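Report on one structure; see the data block that follows.
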Amino acid sequence: MTPEWNADWGGSLGLYGNENDNAPGKLVQDISPIFNRAVLFDTTQNSWHGFPEPIHPPAGKMRKSFAVYYMTDITKTAEERYRAHYVGV
């Protein structure tokens, strides 16, 4: 959501594999924060995502984002859902 964001400043969204239920796996996809881009993905118990590398924008610039979640009724086969866990890579 930041116009004219420079990729050299960092801030890409990383999507990680799920080889281990307790920690993210290998980086599967690196998505640049291009202005007006939307990224849609299923958030599950193990949908590892984030941007673990520090960002380095110039003074006065910041990486802006907007997150929306679509929740549905819980089904009989649904697993218990926990809050987000913040894990270092």
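The values are calculated or read from the model by the stated rules, or taken from the named source; none is laboratory data. Here the structure is a predicted model, which means the values were calculated and not measured. Glycine also receives a Cβ, built like all others from the backbone with ideal geometry; neighbour counts cover every protein chain displayed. Please note that ligands, DNA and RNA were not included when accessible areas were found on the heavy atoms of the full protein model with its side chains. Shrake-Rupley method; radii C 1.70, N 1.55, O 1.52, S 1.80 Å.
Quick look at the numbers
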{"quantity": "Contacts under 6 angstrom Cβ, first residue in the range 8-31 being at positive phi, partner acidic (Asp, Glu), 6 or more apart", "calculated": "10/53"}
{"quantity": "Residue in the range 68-78 that is surrounded by 11 or more Cβ atoms within 10 Å (Cβ to Cβ), among the polar types (S, T, N, Q) and at pLDDT below 90 present", "calculated": "no"}
{"quantity": "Unmet requirement for residue 53, which otherwise passes all of (1) in contact with a strand residue (DSSP E or B) (Cβ under 8 Å, 6 or more places away or on another chain); (2) part of a loop (DSSP other than H, G, I, E, B); (3) among the charged types (D, E, K, R)", "calculated": "(1)"}
{"quantity": "Criterion violated by residue 67 - all others in (1) in a loop (DSSP other than H, G, I, E, B); (2) closer than 17 Å to residue 7 by Cα satisfied", "calculated": "(2)"}
{"quantity": "Qualifying positions in the range 1-50 - in a loop (DSSP other than H, G, I, E, B) and among the polar types (S, T, N, Q)", "calculated": "2, 6, 12, 18, 22, 32, 36, 43, 44, 45, 46, 47"}
{"quantity": "Those residues of the range 14-46 which are open to solvent by less than 40 Å² (accessible area, probe 1.4 Å) and within 15 Å of residue 62 (Cα to Cα), in sequence order", "calculated": "33"}
